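Below: the structure, in structure tokens.
The values are calculated or read from the model by the stated rules, or taken from the named source; none is laboratory data. All figures in this text were calculated on a predicted structure; none of them were measured in a lab. All Cβ positions, even for glycine, are placed from backbone atoms using ideal geometry, and neighbour counts span all protein chains on display.
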Amino acid sequence: MSSPHHRTTVALLGYGRFGHAFADLLHKAGYAVAVFDPHAAVPAALRRASLADAVRGAEWIVLAVPVPAIQGILHELRPLLVHGQTVIDVGSVKELPCRLMDEVLGADVPHAGTHPLFGPLSLARNERPLRCVLCASAQHPDAARRTRALFESIDCEVIEHEAASHDRAMAETHALAFFIAKALVDMGIGEDLSMAPPSFLGLANMLAAVRGDAGHLFAAIQRENPYAAQARAAFIAHLTAIHRSLSDKEGAALSIPDMPESGYARAARVSRRRRSLLESVPKP
């Protein structure tokens, strides 16, 4: 039986580590994929010789390029687009890409911002559920609905947020986690886990991601998020205060309060529970 998406083409602009993994996901879901990236080794079956060749006939255009390159590629792309095409980006920050798409594509070209919360390493581990943040353009609510359906078709749960709230959340999670992990990696901590207690093993995945999946993106994660510097400074200030309290024998007793469940963690837990219930239902 043919896939319901076999007539839908996705033009993928950028074939880095994430672009490669995303192309595989789309292909497995039955989409046709056309890739343009003059700087990457793209398989011949996917490779297109020019930007125009890649977007011709594509229903979706995915910007999988570094955030600083988005403005330039949007200006190149704009005169090539025709009615019926939708543009999305997959960057880990959202305010700047969403603003640029609103400015360059405007009301004429449907678009939406997305941040897939997965990468090559998590896909290789078969971590589920896949999740994606969707930042809708006020000019194109229908494009947001269709973008949600696109990600759901590759078995991905979609979380809708405004671009600014996304970037603040990522500064306190994504960027801060890699900031901590970078320090541990530079200190050589975590290379030998033979005596690591369970309390540390939770950090092991974060360290592996810095070394592998996102190590080459560390500077981008920190510099492109407008709230990351503030989150780092607040973290360092808290660490300094804790360090001083621990060094002060007369200081007040320190304790760690119970931590409330985050919205993302709650969504993942509910999803796992729902999947478990569905799997327990007898098949007809």
Residue pairs within 7 Å by beta carbon, gap of at least six or interchain, first lying in the range 162-180 and without any contact (Cβ under 8 Å) to a residue 40 or more places away in the chain, second part of a helix (DSSP H, G or I) and of a type in the set (A, V, I, L, M), listed first then second, are Ala177/Met206
Over the range 120-164, the set of residues closer than 22 Å to Pro110 by Cβ, of a type in the set (Ser, Thr, Tyr) and in a helix (DSSP H, G or I) is Thr147
Restricted to the range 221-230 and to residues being crowded, with 17+ Cβ neighbours inside 10 Å and among the hydrophobic types (A, V, I, L, M, F, W, C), the residue modelled with the lowest pLDDT is Ile221
Picked from the range 40-68 (must be at pLDDT 95 or above and part of a helix (DSSP H, G or I)), the residue farthest from Arg99 (Cα to Cα) is Asp53
Given the conditions (1) more than 22 Å from Met101 (Cβ to Cβ); (2) free of Cβ contacts under 8 Å to residues at least 40 places away in the same chain, every one holds for Gln71 apart from (1)
Filtering the range 111-128 down to residues that are out of contact with any Gly (no Cβ under 9 Å at 6 or more places or on another chain) and more than 23 Å from Arg168 (Cβ to Cβ) yields Leu123, Ala124, Arg125, Asn126, Glu127, Arg128
A careful count of residues in the range 128-151 that are of a type outside the set (A, V, I, L, M) and more than 15 Å from the chain's Cα centre (by Cα) gives 7
In the set Ala143, Ala181, Ala136, the lone residue that is farther than 29 Å from Ala11 by Cβ and either polar (S, T, N, Q) or crowded, with 17+ Cβ neighbours inside 10 Å (or both) is Ala181
The number of residues in the range 22-68 that are surrounded by 20 or more Cβ atoms within 10 Å (Cβ to Cβ) and small (Gly, Ala, Ser) is 5
Verdict on Val104 being surrounded by fewer than 22 Cβ atoms within 10 Å (Cβ to Cβ), within 19 Å of Pro66 (Cα to Cα) and in contact with a Phe, Trp or Tyr (Cβ under 8 Å, 6 or more places away or on another chain): no
All conditions in (1) in a helix (DSSP H, G or I); (2) surrounded by 14 or more Cβ atoms within 10 Å (Cβ to Cβ); (3) out of contact with any helix residue (DSSP H, G or I) (no Cβ under 6 Å at 6 or more places or on another chain) are true of Ala175 except (3)
